[in-house]
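A short worksheet on the structure shown next.
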Amino acid sequence: MDSEKRKGDKPVPDRLEEVLNEMQMLALRQIEGFGWQLRFIRKPLFQESVPVVFSAEGDKIGILEEDGRINMEPDIKLRE
């Protein structure tokens, strides 16, 4: 059984501007118009935060890169 790693943190913080840069915020607003949503922000130790987005259907995932690009072939493993 996987243990919860967030330790009380929300999957998406209330104040996105504290986690996402301007380019990521712009990209997020654009893709939200197509039904995509920010599902969670992964916060690996000693690394940059990783914003993870899902398509409206939930069948595609992507990562918002620092420059605002959406990486549709992310190298992340999701828990079931």
Exercise for the section: Spot the failing condition for Ile76; the list is (1) among the β-branched types (Val, Ile, Thr); (2) surrounded by 14 or more Cβ atoms within 10 Å (Cβ to Cβ); (3) out of contact with any Leu (no Cβ under 9 Å at 6 or more places or on another chain), and only one is missed. Expected result: (2)
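This table checks each residue for (1) surrounded by fewer than 12 Cβ atoms within 10 Å (Cβ to Cβ); (2) at pLDDT below 95; (3) among the aliphatic types (A, V, I, L, M).
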| position | (1), (2), (3) |
| --- | --- |
| Met23 | no, no, yes |
| Pro51 | no, yes, no |
| Ile61 | no, yes, yes |
| Glu80 | yes, yes, no |
Completion exercise
By residue number, the members of region 29-48 that are in a loop (DSSP other than H, G, I, E, B) and either within 12 Å of the chain's Cα centre (by Cα) or surrounded by 10 or more Cβ atoms within 10 Å (Cβ to Cβ) (or both) are Gly35, Trp36, Lys43, Glu48
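The values are calculated or read from the model by the stated rules, or taken from the named source; none is laboratory data. All of these numbers come straight from a predicted model, not from anything done at the bench. Positions of Cβ are backbone-derived with ideal geometry, glycine not excepted, and every protein chain shown enters the neighbour counts.
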